[in-house]
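Q: First the structure, then my questions, so here it is.
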Amino acid sequence: PRTGLPVYVWPTNADGPQQKQLTNDSPFLEEVRAAPDGRLLIFASKRSGRSHLFSVDADGANLKQLTSGDSYEIDSDISPDGKWIVYASKRVFADKIEPETLWKIPVDSGEPIQLTTDNAYTPYFSPDGKRISYIAPEKNGDQKLAIIAAEGGATLQTFEPVKTAELNMGSHWTPDGQALTYVVIQKNVGNLWLQPLNGDG
């Protein structure tokens with residue numbers, strides 16, 4: 001969740017007992033994600049002054065900072081095999097703000113790899129882990145749904161969303177990986193719309 005209030009991470013069993021607090025200092029967390037195998041959590045925090053990504057084991061051990069420097073990171077997702085994190089990063093300087101771009105980094109260790117050079121945010125891995133969906137802002141203020149290859153970052157597809165789309169939550173994959181879903185606001189009501197990857201709809 002995105003919030004300005006203190007947030008602590010407390011994992012629990014599905015039936016409620018055996019709660020355990022995992023975080024307790026600088027508790028301003030955003031966009032908490034769980035690895036598919038449940039072994040760790042990824043979250044954004046301003047522990048170091050800027051919003052960067054951290055990981056922590058499901059049992060609360062091995063808190064580790066994943067990104068650092070003169071950038072801000074909030075949106076992220078973990079690949080289905082649990083090996084990679086994709087995230088949006090924006091470098092901010094005193095005199096300019098660079099485009100928000102997509103990067104990926106190994107969950108355990110390694111150097112980040114840049115995937116895009118144009119503005120991009122809210123990435124999500126496809127169910128097979130081979131593609132990444134994201135929102136691509138345009139200079140005229142419009143936004144597109146876009147898909148890149150998880151390996152190398154080549155643009156694969158782009159789509160025009162419905163004009164009243166609410167895209168701050170991004171576009172999510174359907175379980176079969178054949179379509180994207182996103183929120184559209186009409187008559188003050190939000191509904192999910194489907195964008196098939198074959199272009200229909």
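Q: Does T67 qualify as being polar (S, T, N, Q) and farther than 27 Å from P175 by Cβ?
A: Yes; evaluated as a whole, the condition is true for this residue.
Q: Residues that are open to solvent by 60 Å² or more (accessible area, probe 1.4 Å) and among the hydrophobic types (A, V, I, L, M, F, W, C): does region 117-134 have at least one?
A: No, region 117-134 has no match at all.
Q: Considering only residues that are open to solvent by 10 Å² or more (accessible area, probe 1.4 Å) and touching a Leu at 6+ places or on another chain (Cβ under 8 Å), look in region 168-178 and name the one that is farthest from V86 (Cα to Cα).
A: Looking at residues that are open to solvent by 10 Å² or more (accessible area, probe 1.4 Å) and touching a Leu at 6+ places or on another chain (Cβ under 8 Å), I get Q178.
Q: Going by what's in this entry, would D176 be described as at pLDDT below 90 and either of a type in the set (D, E) or not in a loop (DSSP other than H, G, I, E, B) (or both)? Give the derivation first.
A: Details: at pLDDT below 90: no; either of a type in the set (D, E) or not in a loop (DSSP other than H, G, I, E, B) (or both): yes.
Considered against the rule, which asks whether it is at pLDDT below 90 and either of a type in the set (D, E) or not in a loop (DSSP other than H, G, I, E, B) (or both), D176 comes out as no.
Q: Within region 108-116, can one find any residue that is among the β-branched types (V, I, T) and either over 24 Å from Q195 (Cα atoms) or open to solvent by 60 Å² or more (accessible area, probe 1.4 Å) (or both)?
A: yes
Q: Do we have I185 as part of a strand (DSSP E or B) and either of a type in the set (S, T, Y) or open to solvent by less than 20 Å² (accessible area, probe 1.4 Å) (or both) here? If you could, list the steps in order and put the result at the bottom.
A: Working: part of a strand (DSSP E or B): yes; either of a type in the set (S, T, Y) or open to solvent by less than 20 Å² (accessible area, probe 1.4 Å) (or both): no.
No.
Q: Follow-up. Scanning region 52-62 for residues that are in contact with a strand residue (DSSP E or B) (Cβ under 8 Å, 6 or more places away or on another chain) and over 16 Å from I85 (Cα atoms), which turns out surrounded by the most Cβ atoms within 10 Å (Cβ to Cβ)?
A: Here the answer is A58.
Q: I've got another one for you. I'd like to verify a number: residues in region 135-167 that are polar (S, T, N, Q) and either open to solvent by less than 20 Å² (accessible area, probe 1.4 Å) or more than 25 Å from V92 (Cβ to Cβ) (or both), how many?
A: 4
Q: Take the residues of region 31-46 that are part of a loop (DSSP other than H, G, I, E, B) and either among the charged types (D, E, K, R) or in contact with a Cys (Cβ under 7 Å, 6 or more places away or on another chain) (or both): which is most open to solvent (accessible area, probe 1.4 Å)?
A: K46
Q: For region 53-165, list the strands (runs of 3 or more DSSP E) that sit wholly inside it and hold at least 1 residues that are closer than 18 Å to F43 by Cα and either in contact (Cβ under 8 Å) with a residue 12 or more places away in the chain or among the aromatic types (F, W, Y) (or both); which are they? Walk me through how you get there before you give the answer.
A: Details: elements: 71-78, 84-91, 101-106, 121-125, 131-137, 143-149, 155-159.
Correct list: 71-78, 84-91, 101-106, 121-125.
The values are calculated or read from the model by the stated rules, or taken from the named source; none is laboratory data. The shown structure was predicted, so the numbers you read here are calculated from the model rather than taken from an experiment. Cβ: placed from backbone, ideal geometry, glycine included. Neighbour counts: every protein chain shown. Side chains are part of the model used for accessible areas, which takes the heavy atoms of the whole protein and leaves out ligands, DNA and RNA. Shrake-Rupley method; radii C 1.70, N 1.55, O 1.52, S 1.80 Å.
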